[in-house]
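Working notes, beginning with the structure itself.
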Amino acid sequence: QVQLVESGGGLVQAGGSLRLSCAASGRTFTNSYMGWFRQAPEKEREFVAAISWSGGRTYYVDSVKGRFTISRDNAKNTVYLQMNSLKPEDTAVYYCAAKRVYSGDYSSANGYNYWGQGTQVTVSS
């Protein structure tokens, strides 16, 4: 199996930046996509960004385009989410996820096979 550990969350003022990291271990070669999802209190889990493990193609939810950047370092088995121009509505627990196969929708949480514990991001106004 794949183990995922997120880090980098914290408290930041609106307009500030955070960089989240997701370190993967185990059978990382089986991953096709890695993604970031977030869940705010009393809200459904929301797709944020995804990246293909081999080619590095990226995808974003419209609300973060131009502000967030997903990247990966295959040698380190690590995926990053650079978050700039943060807004209070970005406040959520952010989860890293891994998808084994390319089939299915990269933005659907149901298609991901492994999940991290989550890291809290709080943006104050």
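The values are calculated or read from the model by the stated rules, or taken from the named source; none is laboratory data. Given the structure is predicted, the values throughout are model-derived calculations rather than measurements. No Cβ is skipped: glycine too gets one built from the backbone with ideal geometry, and neighbour counts run over all protein chains shown. Just so you know, the surface numbers come from the protein's heavy atoms only, side chains and all, with ligands and any DNA or RNA stripped out. Shrake-Rupley method; radii C 1.70, N 1.55, O 1.52, S 1.80 Å.
Assorted remarks:
- Count of residues meeting criterion [over 10 Å from the mean Cα position of the chain (by Cα) and not acidic (Asp, Glu)] in the range 72-84: 8
- Some residue of the range 20-35 being open to solvent by 100 Å² or more (accessible area, probe 1.4 Å), in contact with a Leu (Cβ under 8 Å, 6 or more places away or on another chain) and touching a residue at least 60 places away in the same chain (Cβ under 8 Å): no
- If you go through the range 51-81 and keep only what is buried (at least 19 other Cβ atoms within 10 Å of the Cβ), of a type outside the set (S, T, N, Q) and outside any strand (DSSP E or B), you end up with TRP53, VAL64.
- Selection count, the range 10-40, where residues are among the polar types (S, T, N, Q) and assigned to a helix (DSSP H, G or I): 2
- For GLY15, the test of being surrounded by fewer than 18 Cβ atoms within 10 Å (Cβ to Cβ) and either touching a Lys or Arg at 6+ places or on another chain (Cβ under 9 Å) or of a type in the set (Phe, Trp, Tyr) (or both) is passed.
- In the set (1) open to solvent by less than 40 Å² (accessible area, probe 1.4 Å); (2) over 13 Å from VAL123 (Cβ atoms); (3) at pLDDT 95 or above; (4) in contact with a helix residue (DSSP H, G or I) (Cβ under 9 Å, 6 or more places away or on another chain), ARG45 fails one condition alone, (1).
- Residue in the range 98-121 that is of a type outside the set (Ser, Thr, Tyr), part of a strand (DSSP E or B), open to solvent by 30 Å² or more (accessible area, probe 1.4 Å) and farther than 21 Å from GLY26 by Cβ present: yes
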